[in-house]
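The values are calculated or read from the model by the stated rules, or taken from the named source; none is laboratory data. Everything numeric here is computed off the predicted structure, so don't read it as measured data. In this analysis, Cβ positions are derived from the backbone assuming ideal geometry, glycine residues included, and neighbour counts consider all displayed protein chains.
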Amino acid sequence: MKCALHVHTNLSDGAMTPEEALKIYADLGFGAVAVTDHEFMLREHYASMVRALPRLGMLVLVGVEMDYAPWSFQHLIRIQGDRETIHIMAHPAAYYLELEEVLARIGSEPFPIDAVEITHRGFYAPAYDVKEIPAPKLATDDAHEPGECGRAWIETRSFRDPDRLIRAVKAGDFKTAFFRRG
């Protein structure tokens, strides 16, 4: 099952409506999408709006991309299941973080960092795909526009339960994948 765990819509700074984003991912053969709009821009009732979206045969998860002030406002993604929650360090490449900085941030957080993105806007950032980082490494496309959808993702067993998907990601039970041209 292809999973996009970092997607933006016009509920914050994305160009797509949530419905448009889900349709694009459904057409690309994805089985799960986490809508992860920016926390500081969220509309009232954001979570209930995402939960009410048409599923198009996919698992749709509610997420948020938070600005974490103690880390100079680095972004962290929180995705909620029914009972499980996952916290993902978003695109450390965007902040030009050295390995030591990533490790220090993982160890300093008041909640566990469950995974780290090894991509920036869907492009591979190999500096963070290293064994020294003690967390599963995720490929995401961080899509804000239609042309950015489907650049990078993870592949898991097929889950219809959001908590089972979150547990699989936390356990590193997935493969990363990238769109290859030609």
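Some notes on this structure:
- On the stretch given as the stretch 164-182, residues that are under 18 Å from Tyr25 (Cα atoms), buried (at least 17 other Cβ atoms within 10 Å of the Cβ) and either of a type outside the set (Val, Ile, Thr) or without any contact (Cβ under 8 Å) to a residue 40 or more places away in the chain (or both) total 1.
- Residue selected from the stretch 135-165 under the condition assigned to a loop (DSSP other than H, G, I, E, B) and of a type in the set (Lys, Arg), by the criterion nearest to Asp37 (Cα to Cα): Arg151
- Test result for Gly14, touching a His at 6+ places or on another chain (Cβ under 9 Å) and in contact (Cβ under 8 Å) with a residue 12 or more places away in the chain: yes
- Candidates Ala15, Ala34, Ala47, Ala94, filtered to the one that is surrounded by fewer than 22 Cβ atoms within 10 Å (Cβ to Cβ), closer than 17 Å to Cys149 by Cα and hydrophobic (A, V, I, L, M, F, W, C): Ala15
- The stretch 22-49, residues that are of a type in the set (A, V, I, L, M, F, W, C), outside any helix (DSSP H, G or I) and out of contact with any strand residue (DSSP E or B) (no Cβ under 6 Å at 6 or more places or on another chain): Leu28, Leu42
- Top-ranked residue in the stretch 121-163 [being closer than 16 Å to Leu5 by Cβ, among the basic types (Lys, Arg) and without any contact (Cβ under 8 Å) to a residue 40 or more places away in the chain; ranked as surrounded by the fewest Cβ atoms within 10 Å (Cβ to Cβ)]: Arg121
- Residue among Leu11, Leu59, Leu5 that is under 17 Å from the mean Cα position of the chain (by Cα) and farther than 19 Å from Ile166 by Cβ: Leu11
- Test result for His8, touching a Gly at 6+ places or on another chain (Cβ under 6 Å) and at pLDDT 95 or above: yes
- Scanning the stretch 50-72 for residues that are among the polar types (S, T, N, Q), surrounded by fewer than 20 Cβ atoms within 10 Å (Cβ to Cβ) and not in a loop (DSSP other than H, G, I, E, B) turns up nothing.
- One residue from Ile113, Ile106 being buried (at least 19 other Cβ atoms within 10 Å of the Cβ) and either outside any loop (DSSP other than H, G, I, E, B) or not charged (D, E, K, R) (or both): Ile113
- Residue in the stretch 71-93 that is of a type in the set (Asp, Glu) and at pLDDT below 95 present: no
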